Amino acid sequence: MIDLKQLRENPDQFLARLNQRGDYNEPVQQVLALDQQQRSLEVNRSQLQARSNEIGKLVGQKMKSGAQPEDAEIQTLREEGNQIKAQLSELEPQEKELKVALEAILLTIPNLPSQTAPLGKSEAENVEIKRWGDEYIPTTTDLLPHWEIGEKLGILNFERSVKIAQSRFVTLIGAGAALERALIRFMLDRQVAAGYTEISPPFLVNTTSLTASGQLPKFAEESFKCDRDDLWLLPTAEVAINSLHRDEVLEAEALPLHYCAYTPCFRREAGSYGRDTRGLIRLHQFDKVELFKFVHPDTSEPEHEQLLNDAEAILQALKLPYRVIELCTGDLGFSASKTYDIEVWLPSAGKYREISSCSNCRDFQARRGNLRFKEAGKKGTQFLHTLNGSGLAVGRTMAALLENYQQPDGTIRVPEALEAYLGRSIL
RNA sequence: GGAGAGGUGGCAGAGUGGUCGAAUGCGCUCGACUUGAAAUCGAGUGUGCUGAAAGGCACCGUGGGUUCGAAUCCCACCCUCUCCGCCA
């Protein structure tokens, strides 16, 4: 949620920054208009309520000191009270309607881009800031895509998954299932060692949780819903962890909180019909180890850099070549103010593909979820900052492993770091 | 699925129609005592909106209703807990 006060006080500057993402003139103008109407009604309404409260108190006092309900004085006050009530019953619904409309629009406005995010309209203008592991890029020419490798080795099965569920699902078999499990354990162990507290949240989440992290109301099409229960399949652990402290007031000393979680993620992938139809890249269900931080606003930028490092550390340990790009303003996700994507080298495609997205949401999700902290000795509360990143997407990591570690004889070498987890060195 | 209990401030917990935004305890802040700390004592301490300020308004699970006046009465809904049943 954007800061309405900030918008109201400085609408032009605010809009200019928001428009670095795209055209938000219309919703912003609507917000400003509704806000003004609502506030002027509020002044009116609260004056009436003040008088009504006064009457209530007066009557109470007089009755206590012996007045009778039939007394002319009491009757007059009751009369006035009734008149105010009639006026309020007209004003209140109007104001409520404005508030609801205002809230509905506010929930659809994305986060302000960071002042440091590169300007741009689309992913074409993202900025590469780092490459790592060029020396590990395979030089062999006849490389197979991971789905062919997986099917040859009998460890991935897509056809039977269609029978069980639908397209865009996979069944892992034997060493494939073991590899997935090994990767999850490896990633969690590394992040726990880096200071993150592991959690295992519910895989079904309610509408409030999805709204707090920003998936709703705009992206309802992207999530699977269990209609009769007001529960949705988790699209990312970010949603669950963000709501772990929803509506809480934390002590400033408790910050920062660093969490990691393994969860499956479920996405409808609406609107990506033709894309990545083969392999592990774009499935309705995939595993992910997520990193999430609740931090003091003063520290969110260094915390963001460190989060990126923690995600990169997994790829480095697995010796998978990757690059880091910073998303331009036009390519930022809805809740993010600043985002680094990590892209891993996929030899079969001959390009880098996203394997992690590390975002600083600043106070955007904190506002939506009412996530606050209090500093000892200071009056009032402040919104904290939230950050999230994949550490990493497990399916895409498997894809990258199979492709980058394939050998001329068709087998797959297991990265050293994983050998102990998998109990073998060749697949 | 059946039965019952309950949702009040950072937490625990009182409050059944009027000066209740809410007792009390814990916690927290400041002060006194102390070499320091603990203990003790004293004062203060909810959140949000609005206003230059004084102040005003809202909030006792949510939404309605009764009343001049609702945490308190009425209706509906949601959620939590306990016991029983079923079950990984």
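The values are calculated or read from the model by the stated rules, or taken from the named source; none is laboratory data. Keep in mind the model is a prediction, meaning the values are calculated, not measured. As a convention, Cβ positions derive from the backbone with ideal geometry for all residues, glycine included, and neighbour counts pool all protein chains shown. Side chains included, ligands, DNA and RNA excluded: accessible areas come from the protein's heavy atoms. Shrake-Rupley method; radii C 1.70, N 1.55, O 1.52, S 1.80 Å.
Taking the centroid of alpha carbons for each part, segment A:377-414 and segment A:282-343 are 8 Å apart. The GluC sites (Glu not before Pro) of segment A:68-122 that DSSP puts in a loop, and whose beta carbon has at most 12 other beta carbons within 10 Å, are A:Glu70. Normalised by the number of residues in segment A:113-269, the average gap of Cα pairs under 8 Å and 6 or more apart makes the relative contact order 19 percent.
Which number comes out as Rg/Rh for segment A:297-427 once both Rg and the Kirkwood Rh are worked out on C-alpha atoms? Please list the in-between numbers first.
Details: Rg = 18.8 Å, Rh = 16.8 Å.
Taking Rg over the Kirkwood Rh, I get 1.12.
Sorted from greatest to least, the principal axis extents spanned by the alpha carbons of segment A:117-169 come out as 46, 31, 15 Å.
Here A:Lys62 is the anchor, and the aspartates and glutamates within straight C-alpha reach of less than 19 Å, apart from those fewer than 8 places off in the same chain, are A:Glu54, A:Glu70, A:Asp71, A:Glu73, A:Glu79, A:Glu80. Shown in residue order for segment A:249-260 are the 3J(HN,Hα) couplings computed by the Karplus curve 6.51 cos²θ - 1.76 cosθ + 1.60 at θ = phi - 60°: 10, 8, 6, 4, 5, 6, 8, x, 10, 10, 10, 10 Hz (x for Gly and Pro). The Rg/Rh ratio for segment A:314-367, using Cα coordinates for both the radius of gyration and the Kirkwood hydrodynamic radius, is 1.08. Placing one equal scatterer on every Cα of segment A:1-158 and applying the Debye formula, the log10 ratio I(q)/I(0) at q = 0.17, 0.19 Å⁻¹ is -1.02, -1.14.
Can you work out the FRET efficiency for the pair A:Gln6 and A:Thr76, with r the C-beta to C-beta distance and R0 = 35 Å, to the nearest 0.05? Don't skip to the answer; put the middle values down first.
Working: r = 47 Å, r/R0 = 1.34.
Approximately 0.15, to the nearest 0.05.
Working note: 222 nm ellipticity from helices only, DSSP H runs with n ≥ 4, each -39,500 (n - 2.57), summed and divided by the residues of chain A, gives -13500 deg cm²/dmol to the nearest 500. Entry note, chain A: relative contact order of 20 percent, from Cα contacts under 8 Å with a spacing of 6+ residues. Simple spin-label estimate for A:Gln382 and A:Glu269 gives 4.3 nm between the two label positions (7 Å along the Cα-to-Cβ direction from each Cα). In percent, rounded to a whole number, the relative contact order of segment A:4-106 is 38, using alpha-carbon pairs under 8 Å and six or more apart.
Within the set A:Lys293/A:Lys319; A:Lys130/A:Lys351; A:Lys99/A:Lys218; A:Lys130/A:Lys319; A:Lys130/A:Lys338, which residue pairs have Cα atoms separated by over 21 Å?
A:Lys293/A:Lys319
Near the amide H of A:Leu346, within less than 5 Å, lie the amide hydrogens of A:Lys351, A:Tyr352, A:Arg353, all on another chain or at least 5 residues away, with H placed in the peptide plane. Our coupling estimate for segment A:224-241, obtained by passing each phi through the Karplus curve with A = 6.51, B = -1.76, C = 1.60 and θ = phi - 60°, is 7, 10, 9, 4, 7, 10, 6, 10, 10, 6, 4, x, 6, 4, 3, 4, 5, 5 Hz, Gly and Pro reported as x. Helix screen, chain A: DSSP H segments with Cα axial length of 20 Å or more and mean Kyte-Doolittle hydropathy at least -1.0 are A:25-64, A:72-106, A:175-193, A:300-317.
Can you tell me the alpha carbon radius of gyration of chain A divided by the globular rule-of-thumb value 2.2 N^0.38 Å?
Details: Rg = 27.4 Å, N = 427, 2.2 N^0.38 = 22.0 Å.
Scaled against compact globular proteins, the figure is 1.25.
Given +1 at the Cβ of Lys and Arg, -1 at the Cβ of Asp and Glu and no other charges, the dipole of chain A around its Cα centre is 460 debye to the nearest 20.
Under unit Cβ charges (Lys, Arg +1; Asp, Glu -1), what dipole magnitude, rounded to 20 debye, does segment A:1-89 have relative to its Cα centre?
On the way: 12 positive and 13 negative charges, 49 e Å.
My answer is approximately 240 debye.
Cross-link partners of A:Lys64 among lysines, defined as those whose alpha carbon lies under 30 angstrom from its own and excluding same-chain residues fewer than eight positions apart: A:Lys85. For segment A:415-420, putting each phi into the Karplus relation 6.51 cos²θ - 1.76 cosθ + 1.60 with θ = phi - 60° gives couplings of x, 3, 4, 9, 3, 5 Hz, in residue order, rounded to whole numbers and with x for Gly and Pro.
Other residues with beta-carbon under 13 Å from the beta-carbon of A:Leu34 carry, at +1 per Lys or Arg and -1 per Asp or Glu, a net charge of -2. With the charge dipole of chain A set up from +1 on Lys and Arg Cβ and -1 on Asp and Glu Cβ about the Cα centre, the Cα lying farthest toward the positive end among the listed residues A:Thr76, A:Ser425, A:Ser335 is that of A:Ser425.
What fraction of the DSSP beta bridges in chain A is antiparallel, stated in percent and rounded to the nearest 5? Show your work: numbers first, answer last.
On the way: 50 of 56 bridges.
The antiparallel proportion sits near 90 percent.
Looking at chain A, the accessible area is 49 square angstrom per residue; that uses a 1.4 Å probe and ignores ligands, DNA and RNA.
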